[in-house]
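The values are calculated or read from the model by the stated rules, or taken from the named source; none is laboratory data. In this text, all values refer to a predicted model and were calculated from it rather than measured experimentally. Here the Cβ positions follow ideal geometry from the backbone for every residue, glycine too, while neighbour counts run over all protein chains shown.
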Amino acid sequence: MEPVIDEEKCIGCGNCQEVCPAVFHLNETIGKAEVLDPDCDLAGCCEAAAENCPVEAITLR
């Protein structure tokens, strides 16, 4: 499973980074989340990050 962030939807709230810091990072320069490590299977928290995104900007492929 690989996380994908829709940059147009992302509001930079940081929820994904709080829930899954091994995979997500909030880029303060652009004010959007970024995927640091696409290996969700190892981190085991990508589904929770996607569920906690208030604007549904994270999808898992």
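When Ala48, Ala57 are checked against the criterion of being surrounded by fewer than 16 Cβ atoms within 10 Å (Cβ to Cβ), of a type in the set (Gly, Ala, Ser) and without any contact (Cβ under 8 Å) to a residue 60 or more places away in the chain, Ala48 stands alone in meeting it. For the range 38-61, filtered to residues that are closer than 14 Å to Val19 by Cβ and assigned to a helix (DSSP H, G or I), the residue that is modelled with the lowest pLDDT is Ala43. A Cβ distance below 8 Å, combined with a sequence gap of six or more or placement on separate chains, defines the contacts here; from the range 1-19, residues that are at negative phi and among the charged types (D, E, K, R) reach residues that are part of a helix (DSSP H, G or I) and buried (at least 19 other Cβ atoms within 10 Å of the Cβ) in the pairs Glu2/Cys40.
For the range 31-45, which positions are out of contact with any Leu (no Cβ under 7 Å at 6 or more places or on another chain) and touching a residue at least 12 places away in the same chain (Cβ under 8 Å)? Hits for the range 31-45 are Gly31, Lys32, Glu34, Val35, Leu36, Asp37, Pro38, Asp39, Asp41, Leu42, Ala43, Cys45.
Scanning the range 1-23 for residues that are in contact with a Pro (Cβ under 8 Å, 6 or more places away or on another chain) and either β-branched (Val, Ile, Thr) or farther than 13 Å from Thr59 by Cβ (or both) yields a count of 4. For the range 23-35, a residue qualifies if it is surrounded by 15 or more Cβ atoms within 10 Å (Cβ to Cβ) and either assigned to a loop (DSSP other than H, G, I, E, B) or of a type outside the set (A, V, I, L, M, F, W, C) (or both), and the qualifying residues are Val23, His25, Lys32, Glu34.
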